[in-house]
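Nothing in this text is a laboratory measurement; each read-out follows from the coordinates by a stated rule. These figures come from a predicted structure and were not determined experimentally.
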């Protein structure tokens, strides 16, 4: 019985260690992208303090930072992964994350909201809301950052 307990503990530790290594390695590209985005934003925009990072994969990949400029004003910075122009907007110039969620709830009845992130499509800053509907179907709902209007939706995947 003692051998069984020791072997079980060893197997558990090995599995836990393996899972930890896999998780850390999976996070490396995201952390590298965040570090790169902060460095670019600090050099090329007025961003002085980064608070949050979004990685958006649409037609193009964008790194989006939430932070503050030198005067303490809240800003968002959209940085294209490849060539393109960096876009900076004051947080107060668009709808909040909660307002985007409220817009979704006005039109749909999401069972569970999985994630809400900033992104960019065709040079339009937007909120992407990923949610599940009844029957656990996957849905995406896009809200224009500036106007708060619905842009597009992808439903029932």
Using only the Cα atoms, what convex hull volume per residue in Å³ does segment 22-91 have? 89
Estimated [θ] at 222 nm from DSSP helical runs (n ≥ 4, -39500 (n - 2.57)) normalised by residues in the chain, nearest 500: -12500 deg cm²/dmol
Could you state the number of Å between the C-alpha centres of segment 1-21 and segment 137-157? 45
Prolate/oblate/rounded label for segment 97-154 (Cα gyration tensor, a/c 1.5): prolate
For helix 97-107, what angle does its Cα long axis make with the longest principal axis of the chain, in degrees from 0 to 90 and rounded to 10? 90
Relative contact order in percent for segment 56-124 (Cα pairs under 8 Å, 6+ apart) equals 32
Run the numbers on segment 97-154 and let me know its relative contact order in percent, using alpha-carbon pairs under 8 Å that are six or more apart. 29
Mean separation of Cα contacts under 8 Å (at least 6 apart) over the residue count of the chain, i.e. the relative contact order in percent, is 14
What does the C-alpha gyration tensor say about the overall shape of segment 2-157? Classify as rounded when a/c is under 1.5, otherwise prolate if a/b is larger than b/c, or oblate. oblate
